[in-house]
Amino acid sequence: MGQVHYVNGQTLCGVFYRTAKTFPDRPAQRFAPERFDHDHNGELTWSQLRERVELIGCGLLEMGLEIRDRVAMASANSPYWTAADLGTMCVGGVTTTIFPTLSLNEIRYIVNDSESRYMYVGDEKILARVLEGFDSMPTLQKVIVLRLNYVSDDPRVMSLGQLIQMGQDSFNKNISLYHHRLRNLNLSDWATIIYTSGTTGEGKGAVLTHYSFCTRLDTIDECYAQGNMRLDENDVCLSVLPLSHVFERACAQLLCMSYGCCMCFAESPSTIVADLARFRPTFFSIVPRILEKVYVTLNNTMSADPKKKKIFDWACKVGREALEYRADDHGRYNLSPSFDPKVMPPVLRLKLAIAEKLVFSKIKALFGGRFRFGFTAGTGVGLELQLFFWAMGLPFLQGYGLTETASSLACSKLDLAKPGTLGQAQFGSWWRLADDGEIQVTGIGLMDHYLNKPEATAEVMVMEGVVRWFKTGDVAEMDEDGFYRMVDRKKAIICTLNGKNIAPAKVEGCYATSQIIEQIFTLGDERPCIAALVVPNFAYFMEQFDAQGIDYDKSVLKYAEINGAPTCVEVGDDFIRQPMLRTMIDAEIKENNKLVEDFEGIKQYEILRTRFTEENGQLTPTAKYKKHVLLKDYAEVIEEMYRRDPAGHGAAKA
């Protein structure tokens, strides 16, 4: 058992004040000033952020905030998100995070379950949603719009600017109470409540304490130090993923706060290319789907020019050849700058230098040119995709953690990375695999309990003597080096009528870099074979149909904003019945069936004309399929699939 420092025993607020004192004039936040009324010209130092946090805290005290009062937060990422979160914690409040895309019903459930007194909202759209149901949230007293200059004549609403002004006006009155509460915070105090995504039902509010996060930060520090990845005040993080989720909160906001790094705010996932160029981060976290789209876009762009495609393919081949010299006999790669390239033959080093100049340097420039490493959140990156980026010198690593564990339980190290794995168990956490392969963990960083759900807490938190074990619900395998490979969620495992256990993640992962299939949901519990609901890549086929003069009804197309970009979410029946589309999808499914065991292959499928989205309730805010919703929404379609001749092909259905 390694020594655990608990960030020197400080609370999150103590860590923040230590960093603000150590690096007062270093940049703490950078953002596009035009998006935030040119606030501080787009940059706040640590001392300026501390002043803002104190004014927000004093404003909350003036409003009557008591210790352990809940303050809900429904906003996209912004510099104000972080300031409001810290201001709330420093006076003993508890931030309750809400994904900004959630429906009124979901917002109402979280606000009422947490009994939130106040609520931060990011913009007028969220405000309108909240005000529509304000009277059905009896504990809610005031809604604070996270804008400095927002004006409303509604007495239920105020702006962040007004809250800051209230803190300024009452500063002399409240600053002593502010520091009294700050000094009396301890590690057992609640820091935040984060609700699980609810893929199989109602979300649960995980109560995370200062101890949960601070012990986790300490173990991440040890992991980074051993893996040649340590951060300092010169590092720059780009915040892309939602701060409402524990992963970004811990591995962006809190890591920056711990090391004194500068945190930059992307406008949205759709603007990430421009944001990378603008802020030039040294590290950031990303979802695999974005990397998959980068891969597909690069291949499509190069394929348009045979000469460029030939050079690109050659460079990738050289990169993969050189990458193997970084691997040891156990398939563990040293991706750190400490690797000595002289172990490679001189001719290969020359080829790699040419590949770097012609191809890799240009792709690295797209990531800002200073990228050190990054982590992927959510479902894992496919093995070939991971090696593709590693070969170019872009080490995207995989880790593992849950809301209930305050983020990272396992971590891949830069100098000891094994592709396709979650990494090894982190310091301070001890793992065991149950008989069915479920990951169970004990040690530091665990949640305190699920809010208002003692039965649900008892189901996942098991006491064995004085040791508390958390049952993650995830199934994994461990290799001889202690690296873990994810199989799937325990509840997601499909058990067919023939008694075969199949991990949907394995089957669906075959389509991660597909150009023609956007989403695929596999099923088969108590059925004779695996079937799938297939959503085509509507944008791809529109482009193909238009180029080839294939007619389809454009009047029925429906669009929605997804990740900040207009996206087609519904097409007509005629679109999905086009022979070209059906033939290409059928061919891809047959080809990918060769990559899995016969009993894992998709035997029946339906092509859908509607995309799975948060708005239709079929996706969580973290883009996971809501299995219970999909099975209900497509119950008739599924029954019809299984009535077909097993030797038949999938048909296009709405």
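For the range 6-105, which whole-number percentage of the solvent-accessible area (1.4 Å probe, protein heavy atoms only) is attributable to carbon and sulfur atoms? The partial results should precede the final answer.
Numbers: 1480 of 3160 Å².
Answer for the range 6-105 is 47 percent, counting heavy atoms of protein chains only.
When the expected Rg is taken as 2.2 N^0.38 Å, what fraction or multiple of it is the alpha-carbon Rg of the range 213-362? Kindly include the intermediate steps, with their values, before the conclusion.
Values: Rg = 18.2 Å, N = 150, 2.2 N^0.38 = 14.8 Å.
After normalising by residue count via 2.2 N^0.38 Å, the value is 1.23.
Whole number in Å², please: accessible area per residue of the chain, 1.4 Å probe, ligands, DNA and RNA not counted.
With the other protein chains kept in place, the chain gives 42 Å² per residue.
Work out the FRET efficiency for S136 and R68 from their Cβ-Cβ distance, taking R0 = 25 Å, and round it to the nearest 0.05. Don't skip to the answer; put the middle values down first.
Details: r = 23 Å, r/R0 = 0.94.
Efficiency at R0 = 25 Å is approximately 0.60.
Using a simple spin-label model with points 7 Å from Cα along the Cα→Cβ vector, what separation in nm is obtained for R35 and E202?
3.5 nm
Can you give the FRET efficiency for K357 and R280, using 1/(1 + (r/R0)^6), R0 = 30 Å, r = Cβ-Cβ distance, to the nearest 0.05?
Details: r = 20 Å, r/R0 = 0.67.
So the FRET efficiency works out to roughly 0.90.
Step through the table entries K308/K506; K364/K506; K342/K364; K590/K626; K500/K590, compare each Cα-Cα distance with 24 Å, and write down the pairs that go over it. Don't jump to the answer; show the numbers that get you there.
Details: K308/K506 33 Å; K364/K506 30 Å; K342/K364 22 Å; K590/K626 26 Å; K500/K590 20 Å.
The answer is K308/K506; K364/K506; K590/K626.
Taking R0 as 56 Å, what's the FRET efficiency between D573 and R468 from their Cβ-Cβ distance, rounded to 0.05?
Details: r = 54 Å, r/R0 = 0.96.
Using R0 = 56 Å, I get an efficiency of 0.55.
Any chance you could run the full-extension gain for K490 through I516? It's 0.36 nm times the residue separation minus the Cα-Cα distance, nm to one decimal. Before the final figure, lay out each step's value.
On the way: separation 26, 0.36 × 26 = 9.36 nm, distance 2.91 nm.
6.5 nm is the gain from fully extending K490 to I516.
Could you state the principal axis extents of the C-alpha atoms in the range 313-358, from the largest down, to the nearest angstrom?
On the principal axes, the range 313-358 reaches 30, 20, 17 Å in Cα extent.
Gain in length, R320 to T583, computed as 0.36 nm per residue apart minus the alpha-carbon separation, to one decimal in nm?
Numbers: separation 263, 0.36 × 263 = 94.68 nm, distance 3.31 nm.
Gain on extension, R320 to T583, equals 91.4 nm.
Extension gain R230-A128, at 0.36 nm per residue separation less the Cα-Cα distance, in nm?
Numbers: separation 102, 0.36 × 102 = 36.72 nm, distance 4.33 nm.
Stretched out fully, the R230 to A128 stretch lengthens by 32.4 nm.
Given just the C-alpha atoms of the chain, how large is their convex hull per residue in cubic angstrom? Don't jump to the answer; show the numbers that get you there.
On the way: hull volume 111.9 nm³, N = 654.
Value for the chain: 171 Å³ per residue.
Counting only residues 5 or more places away or on other chains, whose amide H sits under 5 Å from the amide H of G437 once H atoms are built in the peptide plane?
HN-HN under 5 Å from G437: empty list.
Quick one: grab Rg to one decimal and Dmax as a whole number for the range 462-541, Cα atoms only, in Å.
According to the Cα coordinates of the range 462-541, Rg and Dmax are 17.0, 59 Å.
Per the 1.4 Å probe, what fraction of the accessible area of the range 173-212, in percent, lies on carbon and sulfur atoms? Could you put the intermediate results ahead of the total?
On the way: 800 of 1620 Å².
That share works out to 49 percent.
If contacts are Cα pairs under 8 angstrom and at least 6 residues apart, what is the relative contact order of the range 375-425 in percent? Write down the numbers at each step before the final one.
Working: 72 pairs, mean separation 16.8, N = 51.
The normalised contact order for the range 375-425 reaches 33 percent.
In µm²/s, what is D for the range 166-249 at 25 °C and 0.890 mPa s, where D = kT/(6 pi eta Rh) by Stokes-Einstein and Rh is the Kirkwood radius from Cα pairs? Walk me through the numbers on the way to the answer.
Values: Rh = 16.3 Å.
This corresponds to a translational diffusion coefficient of 150 µm²/s.
Any idea how far the Cα center of the range 148-196 sits from the one of the range 444-490, in Å?
Spelled out, the Cα-based centre of one part sits 34 Å from the other.
Under 8 Å for C-alpha pairs, at least 6 residues apart: give me the relative contact order for the chain, rounded to a whole percent.
Working: 1255 pairs, mean separation 72.2, N = 654.
It comes to 11 percent, rounded to a whole number.
Starting from the range 45-77, pick out the trypsin sites (Lys or Arg not before Pro) whose DSSP state is loop and whose Cβ has at most 11 other Cβ atoms within 10 Å. Each step should come with its number before you reach the end.
Numbers: sites: R50, R52, R68, R70; in loops: R68.
Passing sites in the range 45-77 are R68.
Given the chain, what percent of its DSSP beta bridges are antiparallel, to the nearest 5? Walk me through the intermediate numbers first.
Numbers: 53 of 94 bridges.
Bridges in the chain are about 55 percent antiparallel.
Please compute one quarter of the surface area of the Cα convex hull for the range 60-169 and express it in square nanometres. Let's see the in-between values first.
On the way: hull surface 24.5 nm².
For the range 60-169, the mean projected area of the Cα convex hull comes to 6.1 nm².
The values are calculated or read from the model by the stated rules, or taken from the named source; none is laboratory data. Note that this is a predicted model, so its numbers are computed, not measured. Heads up, the Cβs are rebuilt from the backbone with ideal geometry, glycines too, and the neighbour counts pull from every protein chain shown. Note: accessible area is taken over every heavy atom of the protein model, side chains too, but ligands, DNA and RNA are not part of it. Shrake-Rupley method; radii C 1.70, N 1.55, O 1.52, S 1.80 Å.
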